[in-house]
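Peer 1: One structure coming up, written as structure tokens, with questions to follow.
Where a number appears in this text, it was derived from the coordinates with a stated rule and is not lab data. Predicted model only: the values in this text are computed from it and were never measured. Note that we place each Cβ from the backbone using ideal geometry, even for glycine, and neighbour counts take in every protein chain shown.
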């Protein structure tokens, strides 16, 4: 399992966080779990990069934090997407799709 | 953007809240992770262990989060500040010395900037000063143009570039109630266009300037009202006798307005009073003299270049029908936004001054850099350890620079106080040392500091912090981590070359400044002790208003205190002689000669002996006969063989039009004809004192009461006392008749004053530079001795005498001083050449050997004496103790 994991390219973590939060507000641990689950354990987010990324996104105004209750009734910091964040997600996701399609095309060249 | 800022602010000022939130967030994550492992079947202990391993250092995550929040920069800056202040508290002597040194450097530079600011940078306190331009046109010979009344009227109607124009005509100094005043005659829209209202009373109105001689009124400046009329509350309605006319004061202009032009104006009278208040031809008469200056407000949306083009076309058309030399070639616009417009000439003139003061600041910075280097050396261990445990070099450099800036800011505050004191002292000294009669003529713009001055101080302070802080910071953090860990700090740390370069630079600057000071002093001494060839003691010079001239000459003749009265077309010593082309009968080649018109009594008033022949008779003077007296030097030049007496001289037509028509009219160009030499006078200075004995001087006979001539009165008693009685006697019968009255000795000292002042300023800064240099040399040598204690100890242990140890230290210092002196003296060669061309006086030698010798000897001797204490310390080194404690002694 370990050797199936790959490092995230620069800048994609932000995109993944935004995409995850587009579904529903989530706390930091929830975000990392969700990314791991959906990517079938290929992508694992380290805490060391997750939290600085969250703080950076919050400063840019793409996500907003508020305190809420977790499933097991503990106080947790939930992040949710702002309108600006949604716009950013749309444009970045579009760019990413274009890029990956182009890269795939080049790689699949006969 | 705003949100970003708010976020950063919250992060910065609610640091505790934010930090504890971060804590809680990370703990939540950790606990959830543990729960997840427990759920998957691990024991709680194992789950905690695994989570902890995955998590890594919570502190470094937090640090990264702080960075992401964007407060790191401010955070670390605050840390650095706190750290630096703790350091200064431990070594207050060091901090104080640095602050005092930089404060001195800044405090000396700021007054120069303050003066520059007041004259060149500060906009005039008038409405929209940046749209005001002085307009003139250039003629073929490159000279400017003053306008006639008719030209002004045409321009007012036709001008293509200005929305409004004013005409002004400066009135030379006049005396009113014993005070000298300088003013302008102005058109009726002057105050309205400049947006100046009155402090009390009213300003001039268009109605005051409706026709020639229309309104005998005057507006005075606020500072003239305060200083020369003692703030008289009943000034409005008072009648002032200006040049014998009674002008009623109708108002005082608002505070801070000093008129247009470089010299602050003290009164403004209607232009229509010109025929009454001005000498020479009537401004409104048929002769149409060229006198007016035109200042206009540029039309909105028009820039200077386009305006100049439009005006050039206008000026060329307007002068198309004139003679070649009178035709306009191009229009010229000078900004009137500040008192002195910034142009290349002003910059060239001020550069040496700025350079001299700037050098003092540089020396101060070099000193401080040296001190910081020594301190950095002592802190090598600390810095090495910090590098070893992972501090980034950039971070350390930033911290050391923070220290420098923290030292520079209090220095700026202290420098501000020093500068204020310097300006006060300078002004007081200037007025105290000026010849008594001249203080009235010198009016300074107010020299209060403003925002620009504060900005300059801050800028200079931060710049000097970078200057003195950057090199030590980079040097100090260069050390190798491995060596630092082993406790070896000196191998890679070689600031010696930099430190030596700093000392050499300081010595060079001191030598340069002291040589210049010395050369200036000797020049001014030489002028002072220079025999001008005229007996000036007991002679009073007077400028008289022409319409009173005949009566004044009459009255002087009957005054009991007066011995004799002469007149001359120019005051001796002040201004050079005018020149004319001549052909002596001894040759066919034309040469040039200086000339002056004098009445026959000139020779007796100044006791100037006629060595051969005779002086003019009263009849020759009255009739303007074709006879001349020449100076000995002139005789030798034109008739090198044989006797000049009885020979003749042909006065030629000047091929170039005379430069200034006003001058022409006043003194008269000698008519073209042949004149006979009837006498030879001893050599003397009749021209400008700075040029020395006249190389040529031709005396033409002049009438005692000729218009525009200066009266020279030999009195029986002391000139100073007689002056008072004469002034009173004349003013009593003819108020406003005397424009200027001085003992002629005072005019002479007045001419010397700038050199004296330049000498004082340059020796003051030279001495300060020397003092700073000495402290610099002292610092570097005592540091050197401390650093080499071990080596010296070994030498002594091996049998070196204390004499040889002292020689070692002395040699080091003298080598630096020698190199510095050589560099400084070489620079002085260049600088004194510039000075000589700027000063333009015969007594200023380009290479004044004595000045060079004295400057160099003084600095080298002083450098040697600065080594005394370090030498003694080196000689006292005990070999046993130094060998025992090797490292610690190096760090003291």
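Peer 1: Starting from the Cα of residue B:234, step 7 Å along the direction of its Cβ; do the same at residue B:826; then give the gap between the two resulting points in nm.
Peer 2: 7.3 nm
Peer 1: What list do you get for B:15, B:44 if you sort them by fewest beta carbons within 10 Å? Don't skip to the end; give the middle numbers.
Peer 2: Values: B:15 14, B:44 11.
Result, fewest neighbours first: B:44, B:15.
Peer 1: For region B:151-233, taking Cα atoms only, what is the radius of gyration to one decimal and the Dmax to the nearest whole Å?
Peer 2: Looking at region B:151-233, its Cα Rg and Dmax stand at 14.7, 45 Å.
Peer 1: No solvent, one uniform scatterer per C-alpha: report log10 I(q)/I(0) for region B:129-337 via the Debye equation at q = 0.09 1/Å, two decimals.
Peer 2: Debye intensities relative to I(0), on a log10 scale: -0.36.
Peer 1: Peptide A:40-47: average number of partner chain Cβ atoms within 10 Å per residue? Mind dumping the intermediate values first?
Peer 2: Working: counts 0, 0, 0, 0, 1, 0, 4, 10.
Mean shielding by partner chains, rounded to a whole number: 2.
Peer 1: Mean shadow of region B:81-164, computed from the convex hull of its alpha carbons, in nm²? The partial results should precede the final answer.
Peer 2: Details: hull surface 46.1 nm².
Average of the hull's projected areas for region B:81-164 equals 11.5 nm².
Peer 1: Another question about this same structure. Cut-off is 10 Å between beta-carbons; in what order do B:700, B:116, B:354 appear when sorted fewest neighbours first?
Peer 2: Values: B:700 24, B:116 20, B:354 14.
Taking fewest neighbouring Cβ atoms as first place, the list is B:354, B:116, B:700.
Peer 1: Taking the 0 to 90 degree range and rounding to the nearest ten, how far is the long axis of helix A:83-107 tilted relative to the main principal axis of chain A, both from C-alpha atoms?
Peer 2: Computed tilt is about 20 degrees.
Peer 1: Based on the Kirkwood radius over alpha-carbon pairs, what value in µm²/s does the Stokes-Einstein equation return for the translational diffusion coefficient of region B:779-845 at 20 °C and 1.002 mPa s?
Peer 2: 142 µm²/s
Peer 1: Short version: what are the Cα gyration tensor semi-axes of region B:811-850, square root of 5 times each eigenvalue, largest first, in whole Å? Let's see the in-between values first.
Peer 2: On the way: eigenvalues 155, 18, 5 Å².
The three semi-axes for region B:811-850 are 28, 9, 5 Å.
Peer 1: Once each part is reduced to its C-alpha centroid, what is the distance from region B:14-55 to region B:590-627 in angstrom?
Peer 2: Using only Cα atoms to place each centre, the spacing works out to 112 Å.
Peer 1: Then there's this: Distance from the Cα centre of region B:733-807 to that of region B:165-202, in angstrom?
Peer 2: 46 Å
Peer 1: What nm value, rounded to one decimal, do you get for the distance between residue A:98 and residue B:38 when each label is placed 7 Å out toward the C-beta?
Peer 2: 4.9 nm
Peer 1: A follow-up question, please. At a temperature of 37 °C and a viscosity of 0.692 mPa s, determine how fast region B:293-435 diffuses translationally according to Stokes-Einstein, using the Kirkwood radius over alpha-carbon pairs as Rh; express D in µm²/s, rounded to the nearest whole number. Each step should come with its number before you reach the end.
Peer 2: Details: Rh = 22.2 Å.
Translational diffusion coefficient: 148 µm²/s.
Peer 1: What number do you get for the protein assembly as shown when its Cα radius of gyration is normalised by 2.2 N^0.38 Å, N = residues? Don't jump to the answer; show the numbers that get you there.
Peer 2: Working: Rg = 41.1 Å, N = 1002, 2.2 N^0.38 = 30.4 Å.
That ratio works out to 1.35.
Peer 1: Which residues does the label zone of residue B:316 cover in region B:146-162, counting backbone N under 16 Å from a point 7 Å along Cα→Cβ?
Peer 2: Once the point is set 7 Å along Cα→Cβ of residue B:316, B:160 turn out to lie under 16 Å by backbone N, inside region B:146-162.
Peer 1: What percentages, rounded to whole numbers, describe P(r) for chain B computed over all alpha carbon pairs with 10 Å bin width beginning at zero?
Peer 2: Here the calculated profile for chain B is 2, 9, 14, 17, 16, 13, 10, 8, 5, 3, 1, 1, 0, 0.
Peer 1: While we're on this one: Residue B:547 to residue B:286: FRET efficiency via 1/(1 + (r/R0)^6), r the Cβ-Cβ distance, R0 30 Å, to the nearest 0.05? Don't skip to the answer; put the middle values down first.
Peer 2: Working: r = 20 Å, r/R0 = 0.65.
With R0 = 30 Å, the Cβ-Cβ based efficiency is 0.95.
Peer 1: Here's a follow-up. Taking the inverse of the average 1/r across all pairs of different Cα atoms in region B:562-715, what Kirkwood radius in Å do you get? Could you put the intermediate results ahead of the total?
Peer 2: Working: mean 1/r = 0.0645 Å⁻¹.
Kirkwood hydrodynamic radius for region B:562-715: 15.5 Å.
Peer 1: In addition: Based on alpha-carbon positions alone, could you give the equivalent ellipsoid semi-axes of region B:843-882 from the gyration tensor, as √(5λ), descending, whole Å?
Peer 2: So the equivalent ellipsoid measures 40, 6, 5 Å along its semi-axes.
Peer 1: Do the sum for chain A: with -39,500 (n - 2.57) for every DSSP H run of n ≥ 4, divided by all residues, what is the mean residue ellipticity at 222 nm, to the nearest 500 deg cm²/dmol?
Peer 2: Working: 4 runs with 62 residues, N = 110.
Mean residue ellipticity, 222 nm, calculated: -18500 deg cm²/dmol.
Peer 1: While we're here: Expressed as an acute angle from 0 to 90° and rounded to the nearest 10, what is the orientation of the C-alpha long axis of helix B:15-39 relative to the principal long axis of chain B?
Peer 2: Once rounded, one gets 30 degrees.
Peer 1: Then there is this: What number, rounded to the nearest 500 deg cm²/dmol, is the helix-based mean residue ellipticity at 222 nm of chain B, given -39500 (n - 2.57) per DSSP H run of at least four residues and division by all its residues? Can you show the working numbers first?
Peer 2: Working: 30 runs with 474 residues, N = 892.
Rounded to the nearest 500, it is -17500 deg cm²/dmol.
Peer 1: Right, something else. Under a 10 Å cutoff between Cα atoms, tell me which one of A:83, A:56, A:97 has the largest fluctuation in the Gaussian network model of chain A.
Peer 2: A:97
Peer 1: Where both partners of a DSSP beta bridge lie in region B:562-715, what percent of those bridges are antiparallel, to the nearest 5?
Peer 2: Numbers: 22 of 32 bridges.
If I count the DSSP bridges inside region B:562-715, around 70 percent turn out antiparallel.
Peer 1: If I take the Cα coordinates of region B:571-629 and project them onto the principal axes, what are the three extents in Å, biggest first?
Peer 2: 35, 27, 24
Peer 1: If you wrap a convex hull around the C-alpha atoms of region B:188-273 and split its volume per residue, what is the figure in Å³? Before the final figure, lay out the partial values.
Peer 2: Details: hull volume 8.0 nm³, N = 86.
Value for region B:188-273: 93 Å³ per residue.
Peer 1: On C-alpha positions alone, give me the angle between the axis of helix B:92-116 and the longest principal axis of chain B, in degrees, nearest 10.
Peer 2: Compared with the principal axis, the helix lies near 30 degrees.
Peer 1: Arrange A:38, B:630 by Cβ neighbour counts within 10 Å, fewest through most, would you? Please report the intermediate quantities before stating the final value.
Peer 2: Numbers: A:38 14, B:630 29.
Placing the least packed residue first, the sequence is A:38, B:630.
Peer 1: May I ask you to derive the FRET efficiency for residue A:49 and residue B:342 from their Cβ-Cβ distance with R0 = 45 Å, giving the value to the nearest 0.05?
Peer 2: Numbers: r = 56 Å, r/R0 = 1.25.
For R0 = 45 Å, the calculated efficiency reads 0.20.
Peer 1: Could you tell me how far the Cα centroid of region A:40-95 sits from the Cα centroid of region B:692-712, in Å?
Peer 2: Centre-to-centre distance over Cα atoms comes out at 96 Å.
Peer 1: Can you compute the modelled spin-label distance between residue B:470 and residue B:130, with each label point 7 Å from Cα toward Cβ, in nm?
Peer 2: Here the answer is 3.1 nm between the modelled labels.
Peer 1: Let me know the shape class of region A:2-107, please: from the alpha-carbon gyration tensor, a ≥ b ≥ c as square roots of the eigenvalues, rounded when a/c is under 1.5, otherwise prolate if a/b is greater than b/c, or oblate.
Peer 2: Values: a/c = 2.24, a/b = 1.41, b/c = 1.59.
Oblate, since a/c reaches 1.5 and b/c is not below a/b.
Peer 1: Looking only at the protein assembly as shown, where both bridge partners belong to it, what percent of the DSSP beta bridges are antiparallel (to the nearest 5)?
Peer 2: Counting only bridges with both partners in the protein assembly as shown, antiparallel ones make up about 80 percent.
Peer 1: Further, regarding this structure: Within region B:270-310, whose backbone N sits under 19 Å from a point 7 Å along Cα→Cβ of residue B:248?
Peer 2: B:270-274, B:276-277
Peer 1: Between residue B:329 and residue B:459, how high is the FRET efficiency from 1/(1 + (r/R0)^6) when r is the Cβ-Cβ distance and R₀ = 51 Å? Nearest 0.05. Walk me through the intermediate numbers first.
Peer 2: Values: r = 42 Å, r/R0 = 0.82.
After rounding to 0.05, the efficiency reads 0.75.
Peer 1: Could I ask something else about it? Nearest-5 percent of antiparallel DSSP beta bridges in chain B? Each step should come with its number before you reach the end.
Peer 2: Values: 66 of 84 bridges.
Around 80 percent of the beta bridges assigned by DSSP in chain B are antiparallel ones.
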